[in-house]
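Student: Quick one: the structure is below, and I'll ask about it shortly.
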Amino acid sequence: MGKPKIATVWLEGCAGCHMSFLDLDEVLIDILHQVELTVSPVTDYKDYCFPKVDLGIIEGGIGNEEQLEIVRHLRRQAKIIMTWGDCAVFGGINTLRNWIPKTEVLERGYVTSESTVNGVVPIHAEIPRLLDQVIAVNHVIAVDVYIPGCPPDPEVIAYSLTEILNGRLPVLPGEMIHFD
Amino acid sequence: MENTSTPVNITINGRELKVDEGTSILQAARQHGIYIPTLCHHEALSDYGGCRLCVVEIDGAPKLSASCVTPVRSGMTVVTENERITESRRTIVEFLFAERNHNCMFCPRSGNCELQRLAYELKMDHLTVSFSYKKFPSDITSPYMAMDHNRCILCGRCVRACTEIAGSHVLAFHHRGPKTMIGMDLQEERSHSTCLNCGVCLQVCPTGAIYNRLRSHYFVKGREHVCEKITTFCPLCGLMCPTDLLISNNQLIQVDGHLSRANGQPNQGQLCCKGRFQVFRSPAGRLLHPLVRKEDGDWVVANWQEALFLTVEKMKAIQVQKGEKALFGLASPMLPMEELILFRELMEKGLNAGYLDTFDGQHFRNLKGTFYGGAIPIRETSWKQVGKSDFILIAGGNPETSQPLLQSIFRRRFMETELRTGLISSLDDVPSFVTDFIHVPSNHLAELLRALLAEVDHLCKKEKQAGKTIGSSGSFPLLAGMGISRDAKSAFTSIARSIAEAENPLVIVDTSLTGMADSNSLNGVIDLARRITPSSKSEPNLLILKPEGNSAGAWKTGMVAQKVPDQADCLKGGLLLMGDESSMGEDILARIHAAEFLAVITPYAHKFLMDRAHVLIPKPTWLEADGTYMSLDGLEQLFRKKTIAPPEGVWATREILSAMGEQIDLKVSSKQEGLFKKRSDPLV
């Protein structure tokens with residue numbers, strides 16, 4: 001049996017959780033020795049049908065149809081799903097648009113924004129359509145591990161990865177949970 | 001709740017406890033150090049039982065009970081923590097998070113939020129229910145506080161605080177069910193409501209629903225572990241309310257009152273708009289370096305020695321040129337005693353100034369000009385009498401401007417004990433707590449007070465003669481020709497009767513009356529206060545409101561000029577001005593605008609000073625310096641410690657004044673205590 005395989009995806013979020021992951025410093029080297037990083041924004045390897053992996057990590061909320069597909073694929077291919085950050089866990093800052101109708105959001109972004117001249121809302125078969133609302137990952141697929149935080153501290157990410165590598169499903173103690 | 005002393009035996013988590021009958025399970029648990037999480041409960045407020053976070057299992061009952069509203073019963077067995085209870089509490093917190101917008105990353109309260117803390121405590125790492133995303137409005141009409149209903153959890157603390165502590169009854173629950181919102185009055189916005197902006201709702205709000213608009217939200221989030229809590233008091237008015245200041249990275253984050261139902265203060269820890277918010281406002285920018293005006297009128301940054309040397313030299317030159325009395329000193333009564341005393345020494349002994357005054361000196365002189373201030377010293381009672389008196393008569397005007405907190409006390413006491421409050425004023429500003437109002441032109445005020453005294457005398461005599469039956473009076477003829485209305489006449493009778501019937505009435509003289517040079521009115525009101533005081537009391541039931549925080553202290557230092565020189569309304573020679581004010585009143589500006597040489601020691605770069613002054617010397621604000629202050633009745637001296645560090649390079653006020661003194665070989669006395677008059681001495 002080879003090293004455990006990990007896939008990470010970056011959905012509707014700021015990549016801050018991945019930055020926090022990179023911020024593990026020397027612990028990152030230890031962890032990378034123990035795992036095989038497959039599909040990930042870090043490796044820039046894109047295959048959204050995903051190879052079979054042991055751990056699928058999701059950063060970001062689900063805001064469009066493509067992201068919906070990605071998480072469903074990942075769920076099928078991964079043994080364990082871990083969500084990183086407030087966006088994946090709760091919907092996060094992206095949910096600001098949930099209080100506003102979708103058409104208004106698109107209009108504001110593509111047509112009425114101050115820097116736009118003759119703007120139109122883009123519609124194309126290759127552009128994934130926006131969902132009506134940004135949703136948290138666990139409202140679409142089953143999630144095994146939740147790591148909230150905006151972003152989660154590197155220590156918390158290290159803790160959760162180490163726990164999983166040691167064969168345990170991590171449940172964060174109260175002092176490791178934070179939402180900001 | 002009546003406190004019978006019969007002890008009751010109960011068991012909490014297997015521990016047998018003896019507690020007083022009538023206490024709630026929550027109180028009993030807290031008394032014995034057993035933790036129960038709460039959200040809508042606040043120790044200074046009545047219990048409400050709304051949030052159900054404090055649920056406990058009683059005698060193994062299938063239904064959990066809210067411990068804050070369940071009284072103890074003999075033989076009761078309580079469990080405060082098991083899986084079922086934790087699950088129930090976590091579900092409640094999940095529902096609260098799902099119901100409105102509780103995304104912590106864009107909330108200024110994050111890190112210091114009770115809802116968030118509970119979520120961490122209950123290990124809520126995700127939501128099993130979906131969010132409602134229902135949009136609620138935000139009210140940002142007040143310059144001080146914003147209310148974001150999207151962050152509200154409807155715990156009702158603000159509603160109870162507004163009623164029970166502020167006595168305002170402005171906040172209430174509006175609408176029903178999931179549409180429920182906290183509303184102001186009859187669904188007004190805050191700026192159009194009767195809200196006093198006292199901010200007690202802000203202090204008790206467990207989430208970020210009500211937040212301070214003035215403090216910086218960028219510099220730091222109010223995390224408790226990076227914030228330092230400093231217990232001190234607010235020197236902005238003479239009531240000197242105790243406060244807790246939350247400081248982080250040398251920045252003030254929040255001002256809290258010591259909310260408690262039994263903290264010995266008549267205000268129960270309530271603060272006013274001034275104390276809670278004014279410290280965050282500095283309309284003028286901070287002055288960070290000494291500035292000296294060049295010949296061509298431009299400002300140049302000078303070093304400290306240079307600026308102080310120049311100031312003293314210029315002052316001395318003016319004295320040589322224009323004679324002994326050409327130097328003036330003007331200081332703010334907001335400054336602590338130590339700074340005022342040093343200022344006085346420098347000006348009087350060092351520079352031999354012709355005239356020394358405080359911004360509020362006129363009030364002192366007016367009081368001094370009365371029969372009492374002149375011949376017999378005016379004694380005053382403790383301001384805390386406002387919490388005990390059964391009738392209050394205010395002469396002069398609305399005490400809101402000088403002591404804003406008093407109206408909360410009056411409002412609350414009106415609700416609790418139907419306290420009657422009379423107001424005699426030449427102004428039309430009638431605060432809502434006033435029950436009897438007499439509008440009288442200021443030239444008739446003295447006569448009216450005499451008539452009132454006569455009426456009270458008459459009623460008291462009648463009372464003595466005929467037991468309790470109090471008839472009408474013979475003093476109405478005295479009111480003729482004063483131009484007072486029929487309503488005012490009935491108010492007059494009502495006030496007189498209330499005074500005669502009250503056991504412990506109190507007369508409050510507002511600053512608008514002491515500000516008027518009308519010794520007859522002042523004599524009249526002091527007469528009245530002395531007349532209504534029981535002979536057993538050494539101090540009359542009289543309280544004279546002071547215009548600024550340390551007015552009483554400033555008056556006690558003896559630095560207020562007894563007489564105003566003829567040209568002093570418009571000081572013309574060399575003037576040294578020292579003050580902490582973030583904005584200066586028109587009257588002060590009118591007094592200083594003609595100075596030939598104006599040196600100012602101030603924390604702020606006021607526009608007026610930038611236009612008129614010749615030397616500007618920065619000083620720390622009151623938050624950045626320590627000092628002694630005196631309560632408005634002159635009965636308490638309180639020492640206030642430095643809360644935050646002044647901007648880098650700004651000298652302490654004492655260093656500035658000592659350095660100026662050294663230049664003229666003035667050894668500024670280190671023993672300042674002797675300069676304070678004895679505590680018991682009357683102020684005026």
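Every read-out reported here was derived from the displayed coordinates using simple, explicitly stated rules and does not represent laboratory data. Keep in mind it's a predicted model, so treat the numbers as computed, not measured. Glycine gets a Cβ as well: all are built from the backbone with ideal geometry, and neighbour counts include every protein chain shown.
Student: Peptides B:421-428, B:384-391: what's the order by average Cβ count within 10 Å, highest mean first?
Tutor: B:421-428, B:384-391
Student: Now for a different question. Would you mind telling me which residue in A:Thr43, A:Thr83, A:Thr95 has the biggest mean-square fluctuation in a Gaussian network model of chain A, where springs connect alpha carbons within a distance under 10 angstrom?
Tutor: Of the options given, A:Thr43 has the highest mean-square fluctuation.
Student: So if each residue of separation counts as 0.36 nm, and I subtract the Cα-Cα distance between B:His175 and B:Met415, what length gain in nm does that give?
Tutor: Separation in residues times 0.36 nm, less the Cα-Cα distance, equals 83.9 nm.
Student: Which of A:Thr38, A:Thr162, A:Thr112 moves the most in a Gaussian network model of chain A with Cα springs under 10 Å?
Tutor: Checking each option, the largest mean-square fluctuation is seen for A:Thr112.
Student: Something else: Using helices alone, I'd like the mean residue ellipticity at 222 nm for chain B: each DSSP H run of four-plus residues gives -39500 (n - 2.57), total over residue count, nearest 500.
Tutor: Mean residue ellipticity, 222 nm, calculated: -8000 deg cm²/dmol.
Student: Among B:His41, A:His33, B:His192, what is the fewest-to-most ranking by other Cβ atoms within 10 Å?
Tutor: Ascending Cβ contact count within 10 Å gives the list A:His33, B:His192, B:His41.
Student: Taking the Cβ-Cβ separation of B:Glu348 and B:Phe371 as r and a Förster radius of 22 Å, what is the calculated FRET efficiency to the nearest 0.05?
Tutor: Given R0 = 22 Å and the Cβ-Cβ separation, E is 0.15.
Student: Of the options B:Gly33, B:Val525, B:Leu351, report the single residue whose Cα projects farthest towards the positive end of the charge dipole of chain B (beta-carbon charges: Lys, Arg +1; Asp, Glu -1).
Tutor: Positive-most Cα among the choices belongs to B:Gly33.
Student: Taking square-rooted eigenvalues a ≥ b ≥ c of the alpha carbon gyration tensor, is region B:91-280 rounded, prolate or oblate, where a/c under 1.5 means rounded and, failing that, a/b exceeding b/c means prolate?
Tutor: oblate
Student: Now for a separate question. With +1 on each Lys and Arg Cβ and -1 on each Asp and Glu Cβ, how big is the dipole of region B:385-454 about its Cα centre, in debye rounded to the nearest 20?
Tutor: Using only the charged Cβ atoms, the result is roughly 220 debye.
Student: In peptide A:163-174, what is the residue-averaged number of other protein chain Cβ atoms found within 10 Å of each Cβ?
Tutor: Counting Cβ atoms of other protein chains within 10 Å of each residue's Cβ and averaging gives 1.
Student: Something else: Taking Cα pairs under 8 Å and at least six residues apart, what relative contact order does chain B come out at, in percent?
Tutor: Once normalised by length, the contact order is 13 percent.
Student: In addition: Taking each residue in B:115-125, count the Cβ atoms of any other chain within 10 Å of its Cβ, then average. What number comes out?
Tutor: Averaged over the peptide's residues, the number is 5.
Student: Now for a different question. Please give the peptides B:292-304, B:143-155 ranked by average Cβ packing (other Cβ atoms within 10 Å per residue), highest first, as a rough proxy for protection.
Tutor: Highest-to-lowest ranking by the protection proxy: B:143-155, B:292-304.
Student: Grab the beta carbon distance between B:Lys563 and B:Ser538, set R0 = 25 Å, and tell me the FRET efficiency rounded to 0.05.
Tutor: According to the calculation, E is roughly 0.25.
Student: Sticking with this structure for a sec: Could you estimate the translational diffusion coefficient of region B:337-472 from the Stokes-Einstein equation, with Rh from the Kirkwood formula over C-alpha pairs, at 37 °C and 0.692 mPa s, in whole µm²/s?
Tutor: 178
Student: Measuring from label point to label point, each 7 Å out along Cα→Cβ, what is the B:Arg286 to B:Arg73 span in nm?
Tutor: Spacing of the two 7 Å Cα→Cβ label points: 6.0 nm.
Student: Then there is this: Looking at chain A only, what percent of DSSP beta bridges run antiparallel? Nearest 5 please.
Tutor: Around 20 percent of the beta bridges assigned by DSSP in chain A are antiparallel ones.
Student: With just the Cα atoms of region B:56-129, tell me how far they stretch along each of the three principal axes, in Å, largest first.
Tutor: Its Cα atoms span 48, 23, 18 Å along the three principal axes.
Student: Still on this model: Taking the Cα centre of the protein assembly as shown as origin, work out the dipole magnitude from +1 charges on Lys and Arg Cβ and -1 charges on Asp and Glu Cβ, in debye rounded to 20.
Tutor: 1920
Student: Relative to the first principal axis of the alpha-carbon coordinates of chain B, what is the inclination of helix B:83-99, with its axis defined by its Cα atoms, in degrees from 0 to 90 and to the nearest 10?
Tutor: Tilt of helix B:83-99: around 60 degrees.
Student: Also, quick follow-up: Over the Cα atoms of the protein assembly as shown, what radius of gyration and what Dmax do you get, in Å?
Tutor: So, for the protein assembly as shown, Rg and Dmax equal 33.6, 111 Å respectively.
Student: Which angle from 0 to 90°, rounded to the nearest 10, does the C-alpha axis of helix B:304-322 make with the longest principal axis of chain B?
Tutor: 40
Student: Could I ask something else about it? Just going by the charge dipole of region B:380-544, with Lys and Arg at +1 and Asp and Glu at -1 on Cβ, which of B:Ala500, B:Ser402, B:Thr381 is farthest out on the positive end?
Tutor: Going by the charge dipole, the pick is B:Ala500.
Student: Which ordering of B:Ser110, B:Ser130 is given by a fewest-first count of other beta-carbon atoms within 10 Å?
Tutor: B:Ser130, B:Ser110
Student: As a test of the formula, what do you get for chain A when each DSSP H run with n ≥ 4 contributes -39,500 (n - 2.57) and the sum is divided by the residue count, at 222 nm and rounded to the nearest 500 deg cm²/dmol?
Tutor: After summing the helix terms and dividing by the residues of chain A, the value is -8500 deg cm²/dmol.
Student: Something else about it: If the elastic network links every pair of Cα atoms under 10 Å, which of A:Gly92, A:Gly16, A:Gly60 fluctuates the most in the Gaussian network model of chain A?
Tutor: Per the Cα network of chain A with a 10 Å cutoff, A:Gly16 tops the list.
Student: Between B:Gln31 and B:Glu87, what length in nm is gained on full extension when 0.36 nm per residue of separation is reduced by their alpha carbon distance?
Tutor: Full extension of this stretch gives 17.6 nm more.
Student: By how many degrees, between 0 and 90 and to the nearest 10, does the Cα long axis of helix B:445-465 differ from the longest principal axis of chain B?
Tutor: Long axis of B:445-465 versus the principal axis of chain B: about 60 degrees.
Student: Here's another thing I want to ask about it. Once a ≥ b ≥ c are taken as the square roots of the eigenvalues of the Cα gyration tensor of chain A, is the result rounded (a/c under 1.5), prolate (a/b larger than b/c) or oblate (a/b not larger than b/c)?
Tutor: Prolate.
Student: Quick one: Debye curve from the C-alpha atoms of region B:1-139, no solvent, what's log10 I(q)/I(0) at q = 0.09, 0.13, 0.19 Å⁻¹?
Tutor: -0.32, -0.63, -1.11
Student: In addition: Among A:Asp47, A:Asp144, which comes first, second and so on when ranked by fewest other beta-carbon atoms within 10 Å?
Tutor: Arranged by neighbour count, lowest to highest, A:Asp47, A:Asp144 become A:Asp47, A:Asp144.
Student: Which log10 I(q)/I(0) values, to two decimals, does region B:625-667 give at q = 0.13, 0.17, 0.18 Å⁻¹ under the Debye formula with one point per Cα?
Tutor: With one equal scatterer per Cα and no solvent, log10 I(q)/I(0) is -0.46, -0.68, -0.73.
Student: Once fully extended, how much extra length lies between B:Thr141 and B:Glu306, figured as 0.36 nm per residue of separation less the alpha-carbon to alpha-carbon distance?
Tutor: 54.7 nm
Student: Given a Förster distance of 22 angstrom, what is the FRET efficiency for B:Asp20 paired with B:Lys63, based on the Cβ-Cβ distance and rounded to 0.05?
Tutor: The pair B:Asp20/B:Lys63 has a calculated efficiency of 0.30.
Student: If I model a spin label at B:Asn9 and A:Lys46 as a point 7 Å from the Cα along the Cα→Cβ vector, what separation in nanometres do I get?
Tutor: Computed distance between label sites B:Asn9 and A:Lys46 equals 7.5 nm.
Student: Still on this structure, please answer the following. Can you say what percent of the DSSP beta bridges in the protein assembly as shown, counting only those with both residues inside, are antiparallel? Round to 5.
Tutor: Around 50 percent of the beta bridges assigned by DSSP in the protein assembly as shown are antiparallel ones.
Student: Restricting to Cα pairs below 8 Å that are 6+ residues apart, what does the relative contact order work out to for region B:380-544? Please round to a whole percent.
Tutor: The normalised contact order for region B:380-544 reaches 31 percent.
Student: Per q in 0.18, 0.26, 0.28 1/Å, what log10 I(q)/I(0) does a Debye calculation on the alpha-carbon atoms of region B:321-368 return?
Tutor: Evaluating at q = 0.18, 0.26, 0.28 Å⁻¹ gives log10 I(q)/I(0) of -0.59, -0.98, -1.04.
Student: Still on this structure, please answer the following. Using Cα-Cα distances under 8 Å and only pairs 6 or more residues apart, what relative contact order does region B:7-81 have, in percent?
Tutor: 40
Student: Between rounded, prolate and oblate, where does chain B land on the alpha carbon gyration tensor, with a ≥ b ≥ c its root eigenvalues, rounded for a/c under 1.5, else prolate if a/b exceeds b/c?
Tutor: The shape class here is oblate.
Student: Still on this structure, please answer the following. Whose amide H sits under 5 Å from the amide H of A:Val53, counting only residues 5 or more places off or on another chain, with H placed in the peptide plane?
Tutor: Those lying under 5 Å, H to H, from A:Val53 are A:Ala78, A:Lys79.
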